[in-house]
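Note sheet for the following structure.
The values are calculated or read from the model by the stated rules, or taken from the named source; none is laboratory data. From a predicted model like this one, the values you see are computed outputs, not experimental measurements. In this analysis, Cβ positions are derived from the backbone assuming ideal geometry, glycine residues included, and neighbour counts consider all displayed protein chains. All accessible areas refer to the heavy atoms of the entire protein, side chains included, with ligands and DNA or RNA removed. Shrake-Rupley method; radii C 1.70, N 1.55, O 1.52, S 1.80 Å.
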Amino acid sequence: MSTAVEVQRPDRWDHPLTDDMSDETIAWLLQSFPFSDMNRERFSKSASLEDILRNDTRLLELSEGDLVFREGQYGGSAYLVLDGGIRIVLSQLQLDQDRTRKRNDWLQQWTKLGRGLLSGKSWRDKQGKRKKSRTQSKVTRTTKAAKSGTRGDGENTRIFLQDIPGVVDEHATSEVGVGELFGEMAAVTRSPREYSAFAERKSYVLEIRWQGLKLLKQDPEFRKLLDDRYCDRILKTHLRETRLFRFLPDESIDHIVASAKLESFGNLEWYADYRKSVGKDARARIEGEPLIAEEGSYATGLWIIRGGFARLSRRQGVGHRTMAYLGKGQIFGLSEIVHNCWFAGDSPPLPFQESLRAIGYVDALCVPKQVVKDHVLPFVRRTELPPPIVDPRYQFGQPVVDASLDAATQQVETGLLEFLVERRLMNGHKSMVIDTERCTRCDDCVTACATTHQGTPVFVREGPQYGSWMFPHACMHCEDPVCMIGCPTGAIHRDRESGLVDINGQTCIGCKTCAESCPYDNIRMVNAEDCKGRAKVDTNTGLPILQASKCDFCASARGRPACQTACPHDALFRVDLSDLQQVSTVLGKEKNA
């Protein structure tokens, strides 16, 4: 019996987004805006404009009320309105269907608890999440749940809103008209959707997966369409989602949009620079990071992180001390601006007390200090603003005061914080951690993983270590999964609901791009096999066909990942390293207690 089977090596265009893009549809799209204004000569022969439309897009016919996506969902596509109209909901949209779903989730959680699978630490984590969930539910209870239903069958099933006027009256909304894009920021930055979108009337919408979106951006007009869309509409949405701006009147929001400066620091495909910096002196690494704002310089504006991570640090001796890392939605410079506007009196204004640097890549927004003074501070409660700076580290014309770190920045031990930042592990949403003081090296975790994944484990029980904490080479399902950037087919993708990063074995062509892009060496290439377990080899070369493999968090099975369940000593667990509070609770104070 043969142990291998010959197959044709998969190719980039073997797996289009849909098989329904006919020649007539392509011809119609090429005559429609913005494709009619594009210069086709800018596209290569191997990836022509026609190829992109045929393989990386899908035409959606939406009925009145059909939901395109929900806030919080993940997705790798942007959408272009060809006919009709789409309305985006800027406030949280709750459906009546959510109540039943939450009730079922509650029952499932209690079932899991009854099995006794949770350790003491896991129990505390679960309790903390429940308290947070209850707090959030109190906030959203004032909004009436929207009536909804479902249409279609199978993959074509859609949720639709039954009372569109009621939703529009109840929520802050914005209309997206013909020729406009929406949903592109989440597709490009691999982040959750920041609003919900539905068809206000019968509409035709072109879905463009991010691989095609990246190719279309070769055209300057299409790039301008993306930029204009962000500045005109999406920026207002982003500002409303920032806690500091939630009570601002529309006039003030308009002033901020008109004056704010959008800036990017570093490279969106930061993993190449990261690999080059490994092994360098810590001081050289930090000073090589793009500088957003420097300590001791004029506090000219308020910085809002829109994507990526930034390092908050202070100069110490000849080096730098990391105080925290800031992620999406967090702000820098507010303490200095508030102090200078309200508390400085006749004293000279204070400069920035810390430095802010991009760790890999940061998308940020800078609001000038005068705009903050005139259009933000008057609408914010004093109790929600930082207190005056009593012992400033920097004052113009005076020597630097080496003050101790603020209590707020001491929630994580400095050494651990530096360790996580230098290895960029704070990118991990579901990072595997092993307590080596508890681990007996029995390898039950590896055996359970192999049993769950057709005999081959998808993680390696080794990796960087800080103290007794080991961070094995297992997919962390990152906040910013750069492994997805270069995948030509979208085989590596985020689950729409959970955000878990998964690999579709049917569409993976074994190009190694994701494995080479992963900064943490958490993706491995293995021999592809058919349904009978036979190795696939290339018909033309006879060489094995490879396939990407990594931890999938045992998403297809209910309950915790197999590795975690199998550990007899509760030595293996998962942590959201992008959450400093969770890092402090699980890896910091609790360990030191």
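So which of Val412, Val400, Val421 is modelled with pLDDT under 85, of a type outside the set (Ser, Thr, Tyr) and surrounded by 15 or more Cβ atoms within 10 Å (Cβ to Cβ)?
Sole residue among the options that is modelled with pLDDT under 85, of a type outside the set (Ser, Thr, Tyr) and surrounded by 15 or more Cβ atoms within 10 Å (Cβ to Cβ): Val412.
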**Message:** Checking the structure you have, find out if any residue of segment 410-424 is under 25 Å from Leu334 (Cβ atoms), small (Gly, Ala, Ser) and within 29 Å of the chain's Cα centre (by Cα).
**Reply:** no
**Complete:** Of the listed residues (Asp56, Asp66), the one being touching a strand residue (DSSP E or B) at 6+ places or on another chain (Cβ under 7 Å), at pLDDT 95 or above and not hydroxyl-bearing (Ser, Thr, Tyr) is Asp66
**Asked** Which residue, of Leu580, Leu543, is aliphatic (A, V, I, L, M), without any contact (Cβ under 8 Å) to a residue 12 or more places away in the chain and open to solvent by 20 Å² or more (accessible area, probe 1.4 Å)?
**Response** Leu543
**Request:** Search segment 122-151 for residues being open to solvent by less than 50 Å² (accessible area, probe 1.4 Å) and at pLDDT 50 or above, and hand back the single one that is farthest from Gln581 (Cα to Cα).
**Result:** Gly149
**Asked** In this structure, does Ser335 turn out to be among the polar types (S, T, N, Q), in contact (Cβ under 8 Å) with a residue 12 or more places away in the chain and in a strand (DSSP E or B)?
**Response** no
**Fill in**
The residue from Glu61, Glu24 that alone is loosely packed, with under 14 Cβ neighbours inside 10 Å, in a strand (DSSP E or B) and acidic (Asp, Glu) is Glu61
**The listed residue being aliphatic (A, V, I, L, M) and either on the phi > 0 side of the Ramachandran plot or open to solvent by 60 Å² or more (accessible area, probe 1.4 Å) (or both), out of Leu356, Leu350, Leu291** = Leu291
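Residue check: is Arg381 surrounded by fewer than 20 Cβ atoms within 10 Å (Cβ to Cβ) and closer than 24 Å to Ser584 by Cα? Walk me through how you get there before you give the answer.
Working: surrounded by fewer than 20 Cβ atoms within 10 Å (Cβ to Cβ): yes; closer than 24 Å to Ser584 by Cα: no.
Taking the combined requirement at face value, the residue does not satisfy it.
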**Prompt:** Name the pairs: first residue in segment 390-402 and closer than 15 Å to Glu336 by Cβ and in a loop (DSSP other than H, G, I, E, B), second residue aliphatic (A, V, I, L, M) and modelled with pLDDT of 90 or more, Cβ to Cβ under 6 Å, at least 6 apart or on different chains?
**Reply:** Pro392/Leu350
**Prompt:** Taking segment 193-241 only, how many residues are of a type in the set (A, V, I, L, M, F, W, C), at pLDDT 75 or above, open to solvent by 20 Å² or more (accessible area, probe 1.4 Å) and closer than 24 Å to Leu365 by Cβ?
**Reply:** 1
